[in-house]
Structure formats: structure tokens, C-alpha cells
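Visitor: Please find one structure pasted underneath; my questions will follow.
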Amino acid sequence: MKYISKSFFIEGVKVRNLAKNFKTPIYCYSYKKLKENINNFKKNFKSLNPLVCFAVKANANLKLLKEIKKFGLGADVVSLGELTKALKAGINPKKIVFSGVGKTSEELRFAIDKKILLINAESKSEILEIEKIARGKRRSVNIGIRLNPNTDAKTLSQISTGKKQDKFGVSEKYFLELVKYVKNSQFIKLKCISVHIGSQILNHQPFEKMLKVVDGVIKKSNYKFEFIDLGGGMGISYSKRVKNLNYKKYLAAIKKILKKHTAKIIFEPGRSIVGNTAILVSKVIYIKQGSNKNFIILDAAMNDLMRPALYGAKHQILPENKIKTSSKKTYEFVGPICESTDSFLTVKKFQKLNEKDLIIISDVGAYGMSLSSNYNVRLKPAEILIKGRKINIIKKRQKLEDLI
Ligand SMILES: *Cc1c(COP(=O)(O)O)cnc(C)c1O
């Protein structure tokens, strides 16, 4: 993704042509970036030979899941819908883990029937439900238990999941009780201890703290876990000033605990696999003068990309067509939706824009399309995958008939 003589390109394709042919707003993904991310992730943790389960909630596009599957990744799913999609993408059930605090009986039955690798349980009630279903089917079911390590992930509070006030996992004390209970169960096999402390974590220290807690709990439980599932959460850079997570330091901390407890490591990365693979292309509908800034009213809105409205996330905005100009403006980029939170970003010193110009919203591959909605009865955008010069529509734009 770069400018070639002032025009923005995604691999070998000019974004302006995509906008012309497929209209806006539109999500455009780069296959090359996806491949790079997966290969980098694998390379960073090669010495562990981990099972890498892509967190489907970051991006549930079926065609993308099929591409991700081709690199040998499994899936981390959190609903019947995601599990069905992962299976439809051809992902081996033996590479699928099921997370979430509120799996229904129907979801558990389906997962058990499909013989997935692990159900990561998050409460005693859920374990009892799994046991009941397993007994009924006369089957033995493999589970993990999610520990809440009471570790501050030092990320946005809205995407923090590992502190004791968060709904996820069970406390250390409760974890140890559950291990004792499951040990005596005829129908449940405890295979895994799992943790996931949050998302967009840029500093390795929270991971180190989390691992210390895991280490202590394994020791106290005196139980041999076949898997240690460390979840996802690896942060990415959304701005030039911010560095990615230091994988070497994270890896070193993992190796330290594996010296004491040999187990197969599972990772559940979402954002780090797809976050920087996509842009959202949008057109300027109107420019409106405000009292101290101009509003750039786009044809994309919070229903297309929810992260800024939902947790104040900042996605860089770039002009599609770079011009040399000394005329710089302060702009607030907003959508047409009737909510004041329908605002993407305020930028100082942006090149002067005109109505009908195109702009690029960066790094929207994770929690972009997957969080989109039909709010204001707006149609969900199309998604396009670019591979070199090849253009593949991986999701058609919704039609009004789909909604009415
Ligand atoms: C959301 C989630 C992930 C993925 O998190 P990323 O920050 O996208 O890597 C992994 N595991 C669980 C249990 C999750 O809830």
C-alpha cells in the first residue's frame, strides 16, 4: 500500500479505479500483507512450534478465512456462527478452540458433535453443562479452563479482559477448585489452561506478568496440562510514532515457563494477523464550515467502521490523491449518521480537500467489517481482496432488498 506518482495503490491496483468500478465506501484488503503477517507471526514463534488459531471475531469474511486456512492456521471462535464459518472455510476441527463466557447449550452440543480441539470453559456452570451433554452422548470432551490472571493489560479499558473486575475467566482460587472437580469427571478431560488479557497490547510487560501468574497456578494445581493457551492481544502500530509489540521479549518469557511445564502453546491472534491488511475507501460528500474547523462529511460512517465511536480508536486518514499544496486545513472527518460519536478523526494540516475527493482510512482489517452494522438502515460495504493486479470481490455490497 503506497503512493505511486501521487496516487494511492493497494498492491498493483489504483484505488481510484476501485472506487470508480465498485463505488464507495469499500473495504480493500492486500493479500501480500496478510501473507507477510502470518509468516512473520510464525517466524517469531517458530521455536515453540505453537498452534496458531486465528481469532475469527477480528474478521469473519469466509474468503479471507479460506486464505488464512491455507497457511495452516486454526481458529478461535466465540459463537455458533463463527464456528460454522470456520468449518465452512475448511479449517480442521482439531485446530479449533471455542472461547466465550456464555456459550449456550446449543452451541456446546454443536462444538462437541464436531469434535473440536478444545472448549475453553469460563465458569463452573459451563463445565457442568458440558459434562451433562457429554454424559448424554456417552462421549469424553476435551476442555480448557480460562484463568483470569488479574493482570492489567495496559490497553484501552474497553478492550481489557484480564483484570479481576472483568467478566472473563475464573479467579486463581476458583480455577484450582475446578481442576480438582474436573479431575474426577468421567466425561470431561482437562487439557488446557487458557488466558487472554486484552487486545492491542503494545508492551511485553503485561504478558510477562500474565505468564508469572500462569506459572504459579500450574504449580499450585499440580496438574499436567497438555496445552497452554495464551490467547491473542498482540498490538499493532496504528500510527508512525508507535512501535509494534516486542515479540522477542514475549517469546523469552514463554520459554522460561515452558522450562518448568512442558506443554504445547496455543496462540489466538486476531488483530496482528489482519489489522494492517485493509483500508476503507470513502468519498467526500460535503464539506461544511464549522466555527473553528471544517467538517469533511464522508460516505463511510460508524456503521462501516465502529472502532472510533466504540472506543475512541484512531485510524490514520490519507488523501487518495496527494497534491502539492501549501493550503493546509484542520478537518474533522465524520460520517452521515445521526450520532455525535459518528466521527473518525480530527486532523490538523491536512491537504485541502474538495467535495467528491476520495480518502483512505488506514488499518481497518481487524474489528472493521466484523463490527459493522446496519444502523440507520445503511447497507454494509463491499469487500475486495487484491492479489497483485488481481481483484477479487470477497463480499458483495448489501442491497436494499437484503434489508427490507
Ligand atoms: C478477541 C480475542 C482474541 C483476539 O484478540 P486480538 O487482540 O485480536 O489478537 C483472542 N482470544 C480471545 C479469547 C479473544 O476474546
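The values are calculated or read from the model by the stated rules, or taken from the named source; none is laboratory data. This structure is a prediction, so every number in the text was calculated from the model and none was measured. Note that each Cβ is placed from the backbone with ideal geometry, even for glycine, and that neighbours are counted across all protein chains shown. Only protein heavy atoms, including side chains, enter the accessible area calculation; ligands, DNA and RNA are left aside. Shrake-Rupley method; radii C 1.70, N 1.55, O 1.52, S 1.80 Å.
Visitor: What relative contact order, as a whole-number percentage, does segment 31-272 give when Cα pairs under 8 Å and 6 or more residues apart are counted? Intermediate results must be reported in sequence, preceding the final value.
Guide: On the way: 452 pairs, mean separation 47.5, N = 242.
Once divided by the residue count of segment 31-272, the mean separation gives 20 percent.
Visitor: Same structure, new question: Can you compute 3J(HN,Hα) from phi for each residue in segment 229-242, using the Karplus curve 6.51 cos²θ - 1.76 cosθ + 1.60 with θ = phi - 60°, rounded to whole Hz and x for Gly and Pro?
Guide: 9, 8, x, x, x, 4, x, 10, 8, 9, 8, 4, 7, 9
Visitor: Please give the contour-minus-distance gain from K356 to K256: 0.36 nm per residue of separation, less the Cα-Cα distance, rounded to one decimal in nm. Before the final figure, lay out the partial values.
Guide: On the way: separation 100, 0.36 × 100 = 36.00 nm, distance 5.56 nm.
Length gained, K356 through K256: 30.4 nm.
Visitor: Send over a whole-number figure in Å² for the accessible area per residue of segment 104-171, probe 1.4 Å. Please report the intermediate quantities before stating the final value.
Guide: Values: 3160 Å² over 68 residues.
Per residue, segment 104-171 has an accessible area of 47 Å².
Visitor: How big is the equivalent ellipsoid of segment 221-364 along its three axes, where each semi-axis is √(5λ) from the Cα gyration tensor, reported in whole Å from largest to smallest? Present the calculation step by step, with values, prior to reporting the outcome.
Guide: Working: eigenvalues 363, 51, 28 Å².
Rounded to whole Å, the semi-axes are 43, 16, 12.
Visitor: Solvent-accessible area of T262, probe 1.4 Å, all protein chains present, reported in Å² to the nearest ten, please.
Guide: 100 Å²
Visitor: Next up: To the nearest whole percent, what portion of all C-alpha pairs in segment 31-272 is separated by more than 24 angstrom? The partial results should precede the final answer.
Guide: Numbers: 12387 of 29161 pairs.
Summing the P(r) tail past 24 Å for segment 31-272 gives 42 percent.
Visitor: If you don't mind, another one. Which whole-Hz ³J(HN,Hα) couplings does segment 162-174 yield from phi under the Karplus relation 6.51 cos²θ - 1.76 cosθ + 1.60, θ = phi - 60°, glycine and proline marked x?
Guide: My calculation for segment 162-174 gives x, 9, 5, 7, 7, 6, 8, x, 10, 5, 4, 4, 5 Hz in order.
Visitor: Please give the Cα centre distance for segment 325-369 versus segment 155-228, rounded to the nearest Å.
Guide: When both Cα centres are located, 40 Å separates them.
Visitor: Give the Rg (one decimal place) followed by the Dmax (whole number) of segment 283-383, computed from C-alpha coordinates and expressed in Å.
Guide: When restricted to the Cα atoms of segment 283-383, Rg and Dmax are 13.2, 40 Å.
Visitor: Next up: Given labels modelled 7 Å from the Cα in the Cβ direction, how far is it in nm from N184 to K66?
Guide: 5.1 nm
Visitor: Right, here's the next one. Measuring from label point to label point, each 7 Å out along Cα→Cβ, what is the K20 to R139 span in nm?
Guide: 5.4 nm
Visitor: Let me ask something else about it. Leaving ligands, DNA and RNA out of it, work out the accessible area of R271 with a 1.4 Å probe and give it in Å² to the nearest 10.
Guide: 10 Å²
Visitor: Spin-label point model (7 Å from Cα, Cβ direction): what's the V242 to K348 distance in nm?
Guide: In this crude label model, V242 to K348 measures out at 2.0 nm.
Visitor: Next question, about the same structure. Please give me the summed charge of the neighbours of F41: other residues whose Cβ is under 13 Å from its Cβ, Lys and Arg +1, Asp and Glu -1. Present the calculation step by step, with values, prior to reporting the outcome.
Guide: Details: positive: K33, K35, K42, K43, K46, R271; negative: E36, E268.
Net local charge, F41 excluded: +4.
Visitor: Under 8 Å for C-alpha pairs, at least 6 residues apart: give me the relative contact order for the chain, rounded to a whole percent.
Guide: On the way: 872 pairs, mean separation 78.7, N = 404.
Computed over the chain, the figure is 19 percent.
Visitor: Averaged per residue, what accessible area in Å² does segment 1-100 show with a 1.4 Å probe, protein chains only? Mind showing how you got there, number by number?
Guide: Working: 4300 Å² over 100 residues.
So segment 1-100 comes to 43 Å² accessible per residue, rounded to a whole number.
Visitor: Shifting gears a bit: Any idea of the accessible area per residue across segment 259-341, 1.4 Å probe, to the nearest Å²?
Guide: Numbers: 3660 Å² over 83 residues.
The answer is 44 Å² per residue.
Visitor: When DSSP beta bridges are limited to those with both residues in the chain, what percentage is antiparallel, rounded to the nearest 5?
Guide: On the way: 34 of 70 bridges.
Given both bridge residues lie in the chain, the antiparallel proportion sits at roughly 50 percent.
Visitor: Hey, what do the phi angles of segment 314-321 turn into as Karplus ³J(HN,Hα) couplings, whole Hz, using 6.51/-1.76/1.60 and θ = phi - 60°, x for Gly and Pro?
Guide: Taking θ as phi minus 60°, the curve returns 10, 10, 4, 10, 10, x, 6, 10 Hz for segment 314-321.
Visitor: Once Rh is set to the Kirkwood radius over Cα pairs, what Stokes-Einstein translational diffusion coefficient, in µm²/s, holds for the chain at a temperature of 20 °C and a viscosity of 1.002 mPa s?
Guide: Working: Rh = 22.5 Å.
Translational D for this selection: 95 µm²/s.
Visitor: Counting only protein heavy atoms and using a 1.4 Å probe, what share of the accessible area of the chain belongs to carbon plus sulfur, as a whole percent? The partial results should precede the final answer.
Guide: Values: 9640 of 19060 Å².
Exposed carbon and sulfur together represent 51 percent of the surface.
Visitor: Cut-off under 22 Å on the C-alpha distance; same-chain residues fewer than 8 positions from K256 excluded. Which lysines are left, in chain and number order?
Guide: K42, K43, K46, K191, K209, K212, K219, K220, K224, K248, K264
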